[in-house]
Amino acid sequence: MKTFFHTIVVLLLVLIITINKSPGDVVFRDNFRDQNQWRFITDAVMGGVSTGTVVFETKEGSFHALLSGNVTTENNGGFIQIRRNLRDHNLTKAKYIKIVAKGNNQKYFIHLRTTGMLFPWQYYQSEFIVTEEFKEFILPIKGFKKSGFLLANTVQSRGITSLGIVAIGRNHQAKIYIKEILFIE
């Protein structure tokens with residue numbers, strides 16, 4: 001009986017520790033305080049005619065980036081994005097990407113690039129749909145889909161070299177405010 005009681009106590013302690021564990025330690029955070037880390041890119045790099053801007057704003061003490069513009073598939077185009085280099089950051093322990101964003105009720109994507117990618121048009125992607133109020137989106141890194149062949153089926157966090165927030169693939173007006181991006185365990 002004593003052994004049974006001790007086993008139950010140990011199991012309850014393990015359960016309590018597991019339940020109370022934080023959703024994940026932060027491996028990397030960007031809250032747009034340093035706008036020089038971000039680069040705006042359009043499909044003009046490949047002959048497209050999409051247009052847009054990125055504006056870095058501060059409201060009520062909170063920084064955010066506003067990516068907006070006209071995305072058109074005309075002339076084999078179809079994207080605007082902001083991209084950040086992550087080569088100098090150790091993301092090995094990251095399992096999720098959390099993004100805090102709002103916008104115009106449209107679908108947007110996060111694109112990850114990794115070591116070993118041969119071509120500039122290769123990426124892994126995950127989608128999310130913004131609403132008019134800021135919302136947290138937690139995207140499992142293992143759930144990102146590859147853009148084509150010649151890529152591994154899943155992303156290895158240790159190989160991530162950049163992250164892009166992208167409006168892509170269809171004719172639409174883009175307008176997304178991003179408050180924060182985190183890589184978490």
Checked the stretch 139-151 for anything at pLDDT 95 or above and over 17 Å from LYS107 (Cβ atoms); matches are PRO140, ILE141, LYS142, LYS146, LEU151
Flagged in the stretch 153-167 as hydroxyl-bearing (Ser, Thr, Tyr) and surrounded by 16 or more Cβ atoms within 10 Å (Cβ to Cβ), in numbering order, are SER157, THR161, SER162
Of (1) within 15 Å of the chain's Cα centre (by Cα); (2) surrounded by fewer than 18 Cβ atoms within 10 Å (Cβ to Cβ), TRP121 fails just (1)
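The values are calculated or read from the model by the stated rules, or taken from the named source; none is laboratory data. Note that the structure is a prediction, hence the values are computed from the model and not measured. Positions of Cβ are generated from backbone atoms using ideal geometry, with glycine treated the same way; all protein chains shown enter the neighbour counts.
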